[in-house]
Amino acid sequence: MLQPTNGADINKAKNGVDALKTELESLKKAKGELENKVKDLTDSAKTADDYKKELEKLQKEVKEKAEAEEKQKADNELTAAIENSFGDKKFSSDYVRRGIIADMKAEIAKPENKGKGYSEIFEALTKDKAGIFENPNKPADMAGIGKAETKTDEAAARAE
């Protein structure tokens, strides 16, 4: 082995050693990653039946999700049609509106209501029911009852 003779040769040798160390570390890392991949592949040696079961499971999940989305879409369309049957009537609260919608959905599903329109069912549900709709003749906002302030001079009023 050659002995370095000056500072420049020592620095060159040191840089070469550092480069070799870096390269060795990266090769060790790459070797470890490849060993892990091989281990994962051997551990997951699945059969065709395993893949078939996974595929069937995924297909079932996709089908259930599509059915749920379709059901939600149909429910949203029914809700919109029911709300259209309300016309210009305003409910006393959102709670009452949601309750009427739920009641109408239940009534629409009944066989005795087949062929009836949404408006007809709505009228039957709300007929003679108090407190469902907003009062079109709202009471005026008045001050409360209490001591009234008078600006008249009592003595002058008595003198008359």
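The values are calculated or read from the model by the stated rules, or taken from the named source; none is laboratory data. Since we're looking at a predicted model, the values are computed, not measured. When we count neighbours, we look across all protein chains shown, and the Cβ atoms used for this are built from the backbone with ideal geometry, even at glycine.
For region 43-60, the candidate set comprises residues that are at pLDDT 90 or above and within 25 Å of the chain's Cα centre (by Cα); within that set, the residue that is nearest to A102 (Cα to Cα) is K60. Among the conditions (1) surrounded by 10 or more Cβ atoms within 10 Å (Cβ to Cβ); (2) more than 28 Å from the chain's Cα centre (by Cα), the only one that D40 does not satisfy is (1). The listed residues are E54, E77, and the only one of them that is assigned to a helix (DSSP H, G or I) and either touching a residue at least 24 places away in the same chain (Cβ under 8 Å) or assigned by TED's automatic domain parsing to the domain that holds I121 (or both) turns out to be E77. Could you check region 91-147 and list, in sequence order, the residues that are acidic (D, E) and under 29 Å from A74 (Cα atoms)? The answer is D94, D103, E107, E112, E120, E123.
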